[in-house]
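Everything below concerns the one structure shown next.
The values are calculated or read from the model by the stated rules, or taken from the named source; none is laboratory data. Treat the numbers as computed from the prediction; the structure is a model and nothing was measured. All Cβ positions, glycine included, derive from the backbone under ideal geometry; neighbour counts span all protein chains shown.
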Amino acid sequence: MPKVKSLEDLKRIREEAQKDLKVRLETGTTITVGMGTCGIAAGARDTMHAILEELHKREIDAHVATVGCIGMCSKEPLVDIEQAGYPRITYANVHPDMVPRIIEEHLIKGNVVQEWVFGRVARD
Amino acid sequence: MRELSLHILDVLENSLEAGASKVTLTIEEDLTADRLTIAIADDGRGMDAEIVSRALDPFFTTRTTRHVGLGLPLFAAAARRCNGDLTVESTLGEGTTVRATFQHSHIDRAPLGDIRNSVLSFLLATRPVDLHYIHRINDRQFEFNTEDVRAELGDIPLSHPAVREWLSEFVAEGERGIATDSDR
């Protein structure tokens, strides 16, 4: 039986994380998933899980966050990708099977998946 | 919603919207009494009696981005069709408690489902919030409090990739520890 995870593990994580925390907060990528009733009913939790799995598999460090409903319920699950220096891109109706391509194209190759884009917000 | 854990996530998100800083989620599965009870208690801004009385009305919402509020009505409908009920208790300025009960063995009761990812989705909320999680199945119990986790982490957020992976594994192990084949 594997050893049950304990809070002790967190001390080590803390020490390692402190080294790169500043870098991450200033230059990192943030992926935001809508998690209102509409998003949840449309499958946003599974989409978020797919994103976490894909990031883990490809060893990409990105911040993942959830937010409430922004009023475009029919477009859920909505996924925002924000990278320092680039416009914020919103993808609509993101199902788990779309996640690998978005991660591959957008995060790794740097190409926005145009056909799935719902909107973009330029940075000021 | 196909899983009770999706309803739970939905109510947890309500607590976030209500400005809660601490939420207690209790899931009690009493197989002898054939009851499943889910309680979500927060310290958010709460509601007055008028709003509480309308909280289960699908055509009532306090938000302005849309005209319906389906979260609690859907959860209530799920409970009521399983010989259960849903109640909302709230005190303005103090917080809200939502409690849903089900006949555990009812044919229409959705499975609890992927509670790990519901918990994780909630903990990845943009605004930091603490969760006290208690899951009891008969006399077995899995419990944790993110306040303890944060105490170890200092200024490292729960959303840090290494931390969220730890949390995910931690909850999965805890849930496995109390599960039996007959529960699901």
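Where helices (runs of 4 or more DSSP H) sit wholly within segment B:24-134, those with at least 3 residues that are under 30 Å from residue B:169 (Cβ atoms) occupy B:71-80, B:115-123. Contact map, segment A:52-76: residues that are over 15 Å from residue A:96 (Cβ atoms) and more than 7 Å from chain B (Cβ to nearest Cβ) paired with residues that are at pLDDT 90 or above and part of a loop (DSSP other than H, G, I, E, B), Cβ distance under 8 Å, separation 6+ or inter-chain. Pairs shown: A:72/A:78; A:72/A:92; A:75/A:92; A:75/A:93. Taking residues in segment A:5-16 that are more than 7 Å from chain B (Cβ to nearest Cβ) and free of Cβ contacts under 8 Å to residues at least 24 places away in the same chain, and partners anywhere that are surrounded by 14 or more Cβ atoms within 10 Å (Cβ to Cβ) and not hydrophobic (A, V, I, L, M, F, W, C), the pairs with Cβ atoms closer than 9 Å and at least 6 places apart or on different chains are A:8/B:152.
Number of residues in segment B:43-72 that are at the interface with chain A (Cβ under 10 Å from one of its Cβ atoms) and modelled with pLDDT of 85 or more: the value is 3. Out of everything in segment B:97-119 that is aliphatic (A, V, I, L, M) and farther than 19 Å from residue A:44 by Cβ, what residue ends up being nearest to the other protein chains (Cβ to nearest Cβ)? For segment B:97-119, the residue satisfying everything is B:98. Of all the listed residues (B:153, B:123), the sole one being among the hydrophobic types (A, V, I, L, M, F, W, C) and within 17 Å of residue B:9 (Cβ to Cβ) is B:123. For segment B:140-172, the tally of residues that are at the interface with chain A (Cβ under 8 Å from one of its Cβ atoms) and without any contact (Cβ under 8 Å) to a residue 24 or more places away in the chain stands at 14.
Of the residues making up segment B:120-139, those that are within 14 Å of another protein chain (Cβ to nearest Cβ), surrounded by fewer than 19 Cβ atoms within 10 Å (Cβ to Cβ) and of a type outside the set (S, T, N, Q) are B:127, B:128.
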